[in-house]
Amino acid sequence: MAAAPAHYSRRRTTVASLRLAILQFMADPQWLVPSMIAPIVFGVVSFELFRGYGQYFLIYAILGAGMMSMWGQTLYGSGWATSQDRNFGTLEPTIQSPSPYLYVVLGRVLWNVVSGLLGGLIVYVVVVLAAGQPPALSNPLGTLVMFVFVMLTLAAVGVVFAAFYVYTRYAGFIQNIGEFAFYVGTGCMFPVVILPFLAWPVSLLFPPSWALDALRYLAIPGYQGFGWGFWGDLAGAVGTTAVYLAIAGSIFRRVERRVLEAGNLSDY
Amino acid sequence: METGPAIETRGTTRAFESRKGFLFREKTRTEALKGVDLTVERESIFGLLGPNGAGKTTLTKILSTLLLPTSGTALVLGHDVTKETEWLRPRMGLVLGGERGLYNRVSGRENLRYFADLYGVPVEERERRIREVLERVDLTEAADRRTEEYSRGMKQKLHLARGILHRPQILFLDEPTIGLDPKSARETRKLIRSLVSDGVTIFLTTHYMFEAEELCPRIAILSKGRIVGRDTVDGLRALVGGDRTLEAEAYGFDDREVDALRSLPGVSKVVSEEYGPLMRLTMRVRTFEATLDDVRSRLPGHPELSVRERRTSLEDVYLDLVEEEAA
């Protein structure tokens with residue numbers, strides 16, 4: 001029976017995790033609320049809120065509602081799934097498998113990015129239908145590409161956050177405390193430039209702050225964000241995302257070691 | 001061909017620290033394992049017995065790389081469980097069992113598919129192996145149902161299927177037959193035996209004495225974090241003073257009578273227990289020594305006396321050792 005041990009493959013682990021995330025999503029109707037119904041509600045509310053606020057109100061409505069519907073899912077979806085692993089008791093067998101948990105998280109992140117984009121698309125369709133016209137984007141193709149990139153920056157932060165869910169069952173509590181601050185601080189709600197200058201250094205530690213500012217440059221004609229302009233934002237977003245992805249691997253290794261020391265993998 | 005023991009622990013300890021009270025300022029430390037020395041031979045079934053909270057699951061988790069020991073060493077297949085997890089994990093299987101540990105919203109087959117990918121089961125063999133293990137645990141018909149619809153016993157079988165899916169060299173089974181009906185439990189024991197003949201080493205924890213006696217050539221008994229006995233079942237019987245147990249029951253015995261039984265040749269231990277108006281004296285006796293007639297002759301004046309002899313069971317051994325440790 002005992003065979004020569006097979007070796008895990010990072011790609012295969014990521015795909016398996018993505019596949020399981022999709023299967024679990026399909027099996028659970030409660031997901032329809034955040035992924036389908038919430039974007040429609042956000043789109044309608046946002047359209048009504050911004051109506052009458054200048055010629056670019058449609059863009060603000062789409063960006064505001066789009067970010068609102070997808071940021072949480074993308075940022076915390078993988079952490080939440082880890083929390084579910086604790087509740088189901090699947091964290092132990094998953095950690096005990098040869099595949100590093102980081103790649104399991106990556107698979108879930110991919111699914112969260114896709115479902116976040118789907119939310120953004122729903123918002124776009126809802127707002128355009130409500131307005132009866134498409135928004136006058138400064139750079140439509142660039143905006144679309146940047147939109148996807150914003151999701152990736154959120155996902156990069158999400159991967160690092162997910163490590164805390166492996167580390168402790170109290171990660172959700174910490175997330176709830178920081179959720180609103182993160183939402184405001186990264187410019188999901190409104191541009192970071194309107195926050196007090198002292199808040200900038202903290203905001204700029206997070207890749208989405210840079211990427212969202214870059215997105216506004218591409219979407220809103222005449223937008224004035226950080227003083228360094230679109231290219232500065234893009235370079236900052238790429239740089240900070242790379243840093244987050246680089247530290248994610250090391251954080252996961254350390255966190256795994258710490259939980260094996262603490263012995264709290266089965267706590268929920 | 002790899003040689004050396006499948007498992008070797010030396011002075012393995014594990015302490016858990018927890019905090020409670022206002023602002024978590026109260027720190028408590030629990031020593032779950034207090035220096036465990038164990039050797040398990042390859043391609044055998046080793047049983048670990050012990051009461052709840054003895055440290056069985058803690059030891060199983062240390063050996064299966066889910067927990068780090070506080071001190072001491074633990075080698076599995078000759079490799080250090082604290083440093084060589086990458087080498088070890090593809091070669092070991094773990095069945096913790098119970099209601100949890102599965103993705104309940106998806107089918108049993110999907111659960112297996114996911115873990116087959118995580119364990120790197122060759123893609124071309126994956127479906128065949130899933131079919132094979134489902135058949136081995138008799139879950140083929142239920143394979144495509146969501147696991148939330150499974151009974152406890154079916155979940156237990158699925159845990160077992162997952163544990164053997166990647167064909168491990170060593171399998172850790174934490175109470176594998178708990179929740180199974182007698183027929184399924186018997187089939188599971190049969191499966192465990194067949195795994196050993198396939199070359200797998202089994203490390204098994206159980207509360208069922210008959211199961212340990214039936215399956216495990218060698219057994220260790222863990223109590224309060226210490227190994228209080230380890231040997232073959234016969235060796236353990238000898239450890240508690242004999243492979244025969246004599247029991248005498250009457251309406252009360254005095255100390256003199258108890259001492260008289262203690263002085264019989266081959267009697268190592270006399271324990272008295274009361275059952276309502278009845279008192280029972282239980283004696284562990286070595287083979288070919290004190291007989292039922294000897295006991296009767298030392299207890300005159302008890303017309304209601306009933307004496308009987310039976311083989312010392314593993315349960316007797318277990319209770320003797322655990323009670324000694326507790327005392």
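Bear in mind these aren't lab numbers, they're just calculated from the coordinates by the rules spelled out. Just so you know, these numbers come straight off a predicted model, no measurement behind them. Methodologically, a virtual Cβ is constructed for each residue, glycine included, from the backbone with ideal geometry; neighbour enumeration extends over all protein chains shown.
Nearest 0.05, what FRET efficiency do A:Ile40 and A:Ala262 give at R0 = 56 Å with Cβ-Cβ as r?
0.85
Using Cα atoms only, what is the angle between the long axis of helix B:182-197 and the major principal axis of chain B, expressed in degrees (0 to 90) to the nearest 10?
The helix B:182-197 is inclined about 70 degrees to chain B.
Report the normalised scattering of the stretch B:250-307 as log10 I(q)/I(0) at q = 0.16, 0.29 Å⁻¹, calculated by the Debye formula with identical scatterers on the alpha carbons.
Debye curve over Cα of the stretch B:250-307, log10 I(q)/I(0) at q = 0.16, 0.29 Å⁻¹: -0.45, -1.40.
Grab the alpha carbons of chain A, take their convex hull, and tell me the volume per residue in Å³. Walk me through the numbers before you get to the answer.
Values: hull volume 38.4 nm³, N = 268.
Measuring per residue, one finds 143 Å³ for the Cα hull of chain A.
Which whole number gives the average count of other chain Cβ atoms within 10 Å of the Cβ atoms across peptide B:110-117? Working shown, then result.
Numbers: counts 5, 3, 0, 4, 10, 7, 3, 13.
Counting other chains' Cβ atoms within 10 Å and averaging over B:110-117 gives 6.
B:Arg262 versus B:Glu31, label points 7 Å from Cα toward the beta carbon: distance in nm?
Inter-label distance under the simple model: 3.0 nm.
How large is the convex hull of the C-alpha atoms of the stretch B:105-164 per residue, in Å³?
Working: hull volume 4.1 nm³, N = 60.
About 68 Å³ per residue, rounded to a whole number.
Just to be sure I understand the model, the point goes 7 Å from the Cα along the line to the Cβ. What's the resulting B:Tyr275 to A:Ala130 distance in nm?
Taking the two extended label points, one gets 7.9 nm.
Let me know the number of lysine pairs in the protein assembly as shown closer than 15 Å at the Cα, not counting same-chain pairs under 8 apart.
Values: B:Lys34/B:Lys56; B:Lys34/B:Lys224; B:Lys56/B:Lys224; B:Lys61/B:Lys83; B:Lys157/B:Lys183; B:Lys157/B:Lys190.
So the count works out to 6.
What number in nm² do you get for the protein assembly as shown if you take the convex hull of its Cα atoms and divide its surface by four? Before the final figure, lay out the partial values.
On the way: hull surface 138.2 nm².
Taking a quarter of the hull surface, the average projection is 34.6 nm².
Compute the length gained on full extension between B:Ser197 and B:Glu213: take 0.36 nm times their separation in residues and subtract their Cα-Cα distance, giving the result in nm to one decimal. Walk me through the numbers on the way to the answer.
Values: separation 16, 0.36 × 16 = 5.76 nm, distance 1.79 nm.
Once the chain is fully extended between B:Ser197 and B:Glu213, it gains 4.0 nm.
Sorted by packing (mean other beta-carbon atoms within 10 Å per residue), highest first, where do B:123-134, B:235-246 land? Can you show the working numbers first?
Details: B:123-134: 15.7, B:235-246: 20.3.
Result, highest mean Cβ count within 10 Å first: B:235-246, B:123-134.
Please list the radius of gyration and Dmax for the stretch B:190-318, considering alpha-carbon atoms only, with Å as the unit.
Radius of gyration, then largest Cα-Cα span, for the stretch B:190-318: 17.9, 59 Å.
How much of the calculated P(r) for the stretch A:203-244 lies past 17 Å, in percent of all Cα pairs? Provide the component values of the computation, followed by the final result.
On the way: 175 of 861 pairs.
Tail fraction, whole percent: 20.
Per 5 Å bin, what is the whole-percent P(r) computed from every C-alpha pair distance within the stretch B:98-213?
Pairs per bin, as whole percents: 2, 12, 23, 25, 22, 11, 4, 1, 0.
What is the average number of partner chain Cβ atoms found within 10 Å of a Cβ in A:86-96? All intermediate terms of the calculation are to be shown ahead of the outcome.
Numbers: counts 1, 1, 6, 6, 8, 3, 8, 15, 4, 4, 14.
That average works out to 6.
Go ahead and run the numbers for FRET between A:Arg10 and B:Leu292, Cβ-Cβ distance against an R0 of 41 Å, rounding to 0.05.
Working: r = 69 Å, r/R0 = 1.70.
Efficiency, rounded to the nearest 0.05: 0.05.
Once the Cα gyration tensor of the stretch A:63-174 is diagonalised, what are the square roots of 5 times its eigenvalues, in whole Å and ordered largest first, as equivalent ellipsoid semi-axes?
On the way: eigenvalues 219, 35, 23 Å².
Each semi-axis is √(5λ); the values are 33, 13, 11 Å.
If you take the Cα atoms of chain B, find Rg, then find the Kirkwood Rh from the mean of 1/r over all pairs, what is Rg/Rh?
1.06
Over the alpha-carbon set of the stretch A:89-139, work out the extent along each principal axis and list the three values in angstrom, largest first.
Reported extents, whole Å, longest axis first: 54, 25, 7.
For peptide B:96-102, what's the mean number of Cβ atoms from other chains within 10 Å of each residue's Cβ? Walk me through the numbers on the way to the answer.
Numbers: counts 5, 0, 1, 1, 10, 8, 4.
Mean partner shielding for this stretch: 4.
Which whole-percent values make up P(r) of the stretch B:53-166 when all C-alpha to C-alpha distances are grouped in 5 Å steps starting at zero?
Bins of 5 Å from zero give 2, 12, 20, 20, 16, 14, 10, 5, 1, 0 percent of pairs.
Determine Rg/Rh for the stretch B:146-246; Rg is computed over alpha-carbon atoms and Rh is the Kirkwood hydrodynamic estimate from the same atoms. Can you show the working numbers first?
Values: Rg = 15.6 Å, Rh = 15.2 Å.
My calculation puts Rg/Rh at 1.03.
Can you tell me which of B:266-277, B:72-83, B:57-68 comes out highest on packing, and rank the rest after it, using the mean Cβ neighbours within 10 Å?
Values: B:266-277: 13.5, B:72-83: 18.3, B:57-68: 24.9.
Highest mean packing first, the order is B:57-68, B:72-83, B:266-277.
Taking R0 as 60 Å, what FRET efficiency do you get between B:Asn52 and A:Arg51 from their Cβ-Cβ distance, rounded to the nearest 0.05?
On the way: r = 65 Å, r/R0 = 1.08.
Step by step, r from the Cβ atoms, then E = 0.40.
Could you state the orientation-averaged shadow area of the convex hull built on the Cα atoms of the stretch A:176-254, in nm² to one decimal?
Details: hull surface 23.8 nm².
Convex hull of Cα atoms, orientation-averaged projection: 6.0 nm².
If you project the alpha carbons of the stretch A:129-268 onto their three principal axes, what span does each projection cover, largest first, in Å?
So the extents along the principal axes, rounded to whole Å, are 55, 35, 29.
Given the DSSP H assignment, sum -39500 (n - 2.57) over each helix run of at least 4 residues in chain A and divide by its residue total; what's the result at 222 nm in deg cm²/dmol, nearest 500?
Numbers: 10 runs with 194 residues, N = 268.
Rounded to the nearest 500, the figure is -25000 deg cm²/dmol.
Measuring from centroid to centroid over Cα atoms, what is the spacing of the stretch B:237-304 and the stretch A:139-182 in Å?
Centre-to-centre (Cα) distance: 72 Å.
With label points built 7 Å along Cα→Cβ from the Cα atoms of A:Leu121 and B:Thr39, find their separation and express it in nm.
Label-label distance for A:Leu121 and B:Thr39, simple model: 6.4 nm.
Against the globular-protein guess of 2.2 N^0.38 Å, express the Cα radius of gyration of the stretch A:17-60 as a ratio, rounded to two decimals.
Taking N as the residue count of the stretch A:17-60, the ratio is 1.71.
Over 26 Å, how big is the tail of the calculated P(r) for the stretch B:1-121, in percent of all Cα pairs? List each step's numbers first, then the result.
On the way: 2550 of 7260 pairs.
Summing the P(r) tail past 26 Å for the stretch B:1-121 gives 35 percent.
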